[in-house]
Structures are given as structure tokens and as C-alpha cells.
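Asks: Pasting a structure here, questions to come.
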Amino acid sequence: MKPYDLIDHTADIGIKAYGKTLAEAFEHAAKGMFDIITDESEIESVGQYEIKLEAPELEQLLVDWLSELLFLNASQNLVFGFFKVEIDEKKKILKAQIFGEKYNISKHKVGTEVKAVTYHMLEVKNKKPYHTQVLFDI
């Protein structure tokens with residue numbers, strides 16, 4: 001199973017991410033977003049960060065997850081390439097360890113700037129086959 005497919009949309013770009021579990025689908029959505037941002041550059045796991053989020057619905061949890069990663073990218077110039085996500089589906093809590101490094105123009109390619117995570121066409125399927133779908137404002 002491939003981790004994700006890109007979705008072309010007028011003036012936007014999206015990802016449909018797959019996983020053996022819902023947590024893995026969330027990981028693949030994050031990986032896909034950073035592949036867009038860095039044009040699939042190799043990202044080393046130099047630094048480790050932890051994220052904990054809670055939301056009323058799984059769809060909101062997906063938006064919050066990707067938005068938090070995008071905030072770290074924009075505010076601290078970080079890019080991430082490896083994600084270890086745990087999701088409590090009943091409580092709608094996400095805990096993640098994320099691994100990456102500072103963006104370096106001599107090492108990482110310039111991809112497409114992701115401005116925001118949108119709610120348009122947002123989808124979370126929390127049963128087999130697990131997948132998420134999200135569009136980004138670019």
C-alpha cells in the first residue's frame with residue numbers, strides 16, 4: 001500500500017493518505033504535507049519534538065495535527081520527515097513524536113508553500129481501509 005496520493009484541485013493541493021491504522025494514516029498525511037513543502041527532499045531526524053492534541057472530532061484532530069506541524073514549519077523554520085503517532089479514538093486525543101531538522105536551502109529543495117490546512121473535502125475514515133483526506137491552501 002502506498003502511503004498517500006496527491007489530489008489536484010483548482011488553486012489548491014490535497015492528500016489522500018492511507019494506513020494500516022488510523023495513526024499511520026495521520027503519519028502519512030504529515031509526511032505527504034512535508035513532501036509538498038520540500039519537494040520530497042531527504043529530511044534527517046536531527047531533532048525530536050512532542051505534540052499532544054485533543055479535539056471534539058477526528059476530522060478536527062487531523063486539521064489541528066497538520067496545522068500544528070505547519071506552525072512549527074513557519075515559526076521555527078523546521079521540516080519533518082518521520083512521525084510516530086498514537087491516537088485515542090474514543091477520547092479524540094493525539095500524541096506524537098516528530099523528528100526533523102532546520103530547513104536548509106543548500107540541502108532541501110523548495111517545494112510548494114502550504115499556507116493553511118482547509119476543511120474543504122476533509123475526510124477521516126477510522127475503519128479498514130483507514131484513510132484521511134485533506135486539502136491545503138497554497
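The values are calculated or read from the model by the stated rules, or taken from the named source; none is laboratory data. Computed from a predicted model, the values in this text were never measured in an experiment. Neighbour counts are summed over all protein chains in view; Cβ atoms, including those assigned to glycine, are modelled from backbone coordinates with ideal geometry.
Asks: Being hydrophobic (A, V, I, L, M, F, W, C) and exposed (fewer than 14 other Cβ atoms within 10 Å of the Cβ), is that true of even one residue in the range 36-59?
Replies: Yes: one or more hits.
Asks: Among the numbered criteria (1) more than 14 Å from Asp35 (Cβ to Cβ); (2) part of a loop (DSSP other than H, G, I, E, B); (3) of a type in the set (Val, Ile, Thr), which single criterion is violated by Val114?
Replies: The single condition Val114 does not satisfy is (1).
Asks: Return the residues of the range 1-14 that are surrounded by 18 or more Cβ atoms within 10 Å (Cβ to Cβ) and in contact with a Lys or Arg (Cβ under 9 Å, 6 or more places away or on another chain); say none if nothing qualifies.
Replies: Tyr4
Asks: Conditions first: (1) in a strand (DSSP E or B); (2) polar (S, T, N, Q); (3) under 19 Å from Ala116 (Cβ atoms). Gln48 passes all but one, so which condition is the exception?
Replies: For Gln48, the failing item is (3).
Asks: Now for a separate question. Looking only at residues in the range 73-112 that are aliphatic (A, V, I, L, M) and without any contact (Cβ under 8 Å) to a residue 24 or more places away in the chain, which one is surrounded by the fewest Cβ atoms within 10 Å (Cβ to Cβ)?
Replies: This residue is Ile105.
Asks: Is it the case, given these coordinates, that Ile15 is at pLDDT 95 or above, within 15 Å of Phe83 (Cα to Cα) and outside any helix (DSSP H, G or I)?
Replies: It is false that Ile15 is at pLDDT 95 or above, within 15 Å of Phe83 (Cα to Cα) and outside any helix (DSSP H, G or I).
Asks: Every residue in the range 120-138 that is in a loop (DSSP other than H, G, I, E, B) and either of a type in the set (Gly, Ala, Ser) or in contact (Cβ under 8 Å) with a residue 60 or more places away in the chain (or both), please.
Replies: His120, Met121, Leu122, Asn126, Pro129, Ile138
Asks: Within the range 94-101, is there a residue that is basic (Lys, Arg) and in contact with a helix residue (DSSP H, G or I) (Cβ under 9 Å, 6 or more places away or on another chain)?
Replies: No: the range 94-101 contains no residue that is basic (Lys, Arg) and in contact with a helix residue (DSSP H, G or I) (Cβ under 9 Å, 6 or more places away or on another chain).
Asks: Sort out which residues of the range 18-45 are of a type in the set (A, V, I, L, M) and within 17 Å of Val114 (Cα to Cα), and write them in order of number.
Replies: The answer is Ala29, Ala30, Met33, Ile36, Ile37.
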